[in-house]
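None of the figures in this text is laboratory data; all of them are computed from the coordinates on show. Treat the numbers as computed from the prediction; the structure is a model and nothing was measured. Because the Cβ atoms are built from the backbone with ideal geometry, glycine has one as well, and the counts that use them run over all protein chains shown.
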Amino acid sequence: MNTTLVFGASGQLGQCLAYVAQQQGMTGLVFPPEAQANILDVNGLRELFAQHSPAYVIN
């Protein structure tokens, strides 16, 4: 199964996507917390990508 990493899960679109994913039983979506998904933290992003190996990224 492909993993999709979703940045901005605390925003309006991210919250809606997380809600729909939960209601529909969708799997493979990862919504990292804002502190872990800081796009200015290159090393943190490398760790995040290494941990989840996403096929897709939504920002």
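A Förster distance of 25 Å, applied to the separation of the beta-carbon atoms of Gln12 and Ile39, puts the FRET efficiency at 0.85.
Normalised by the number of residues in region 1-57, the average gap of Cα pairs under 8 Å and 6 or more apart makes the relative contact order 49 percent. If the chain linking Met26 and Met1 were pulled fully straight, counting 0.36 nm for each residue of separation and taking away their Cα-Cα distance, it would gain 7.9 nm. Along region 21-26 the Karplus relation, 6.51 cos²θ - 1.76 cosθ + 1.60 evaluated at θ = phi - 60°, assigns HN-Hα couplings of 4, 5, 5, 8, x, 6 Hz to successive residues, with x for each Gly and Pro.
Computed from phi, the 3J(HN,Hα) profile of region 44-58 under the Karplus parametrisation 6.51, -1.76, 1.60 (θ = phi - 60°) reads x, 5, 4, 5, 4, 5, 5, 5, 10, 6, x, 7, 9, 9, 10 Hz, with x in place of Gly and Pro. Amide H contacts of Ile58 (H built 1.01 Å from N, in plane; Pro and chain starts excluded): Leu5, Val6, Phe7 sit under 5 Å, all sequence-distant by 5 or more or on other chains.
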